[in-house]
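To keep things clear, I will list the structure first and then write my remarks on it.
The values are calculated or read from the model by the stated rules, or taken from the named source; none is laboratory data. If you're wondering where the values come from, they're calculated on a predicted model, not measured in any experiment. Backbone-built Cβ (ideal geometry, glycine too); neighbour counts: all protein chains shown. These area figures cover heavy atoms from the full protein model, side chains too; ligands, DNA and RNA do not enter into them. Shrake-Rupley method; radii C 1.70, N 1.55, O 1.52, S 1.80 Å.
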Amino acid sequence: PRMALDKELFSAAVLLRRGNHAGALAAYQRIAHAAPDNALAWGGVARCQFQLGRYEAACEAFAAAAAQAPKDTDIACFYIVTLAKLGQRNKAVEEIRRLASLVGGAIFLIGCLGERMFELRDLEAALEVTRIWEETFPDSVAPLAARAMVLQALQRGAEYRDLMLAETLLGITGNFHRVPALRDHAQLNEELARALESADRVDVARDRKAT
């Protein structure tokens, strides 16, 4: 019965929220066994396996959940993080592209992937997601913004500062392909100074023309 299933899912979710990953896993596995077409059950199994450090098993469960609910963006986000954790970059790229198509374009990934990638509580995996995300959509500033959030959470001040410089430079020049290659702090500052000087010259010329 649907009501009994919902109650079991709720009880499993409570165990997961309380950090009882082993208990939640057992509960979700019972549900998945009884209702193998239930995406929430498989997603729960996957999240528990991830928290228990069983990443291969988590990946398999997320794949099962995605197969049952291919339009579920939360499942897709968690699946991408797990693929990144396992170093399965090609599959992660494929899933990021699929997720972008689900949400209406790459620009909207920041609203789902940029938030959900934190929920599995593995910041290094989240950081790897932003790298793969940038490689998949090199013309988007969104992965830079997402990486900045992760670096801030990791308290990597120097990397965060340089990324902020890169985002500023990107906003001024619009040169999406140039910025990711700039990793040296001094080089970033130099490029930013040149971009600001160039922008100032354009503004002066425009003002003169107007008068």
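Summary table below
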{"read-out": "Segment residue 34-residue 71, length gained on full extension (0.36 nm per residue, minus Cα span)", "value": "11.0 nm"}
{"read-out": "Label zone at residue 139, where the point sits 7 Å out along the Cα-to-Cβ direction: region 78-107 residues whose backbone N lies under 13 Å", "value": "106-107"}
{"read-out": "Gain in span if fully extended, residue 115 to residue 152, counting 0.36 nm per residue against the direct Cα distance", "value": "11.9 nm"}
{"read-out": "q = 0.20, 0.22 Å⁻¹: log10 I(q)/I(0) that the Debye formula gives for region 105-149, counting C-alpha atoms only", "value": "-0.53, -0.64"}
{"read-out": "Ranked by how many other beta carbons lie within 10 Å on average, peptides 42-49, 90-97, 55-62 from highest", "value": "42-49, 55-62, 90-97"}
{"read-out": "Percent carbon-and-sulfur accessible area, region 96-155, ignoring ligands, DNA and RNA, probe 1.4 Å", "value": "54"}
{"read-out": "Angstrom value of the Kirkwood radius, inverse mean 1/r, which spans all Cα pairs in region 57-150", "value": "12.7"}
{"read-out": "Whole-number Å³ per residue for the convex hull built on Cα positions in region 1-81", "value": "80"}
{"read-out": "From phi via Karplus (6.51, -1.76, 1.60), per-residue ³J(HN,Hα) for region 91-104 in Hz, x at Gly/Pro", "value": "5, 5, 4, 4, 6, 5, 5, 5, 5, 4, 5, 6, 8, x"}
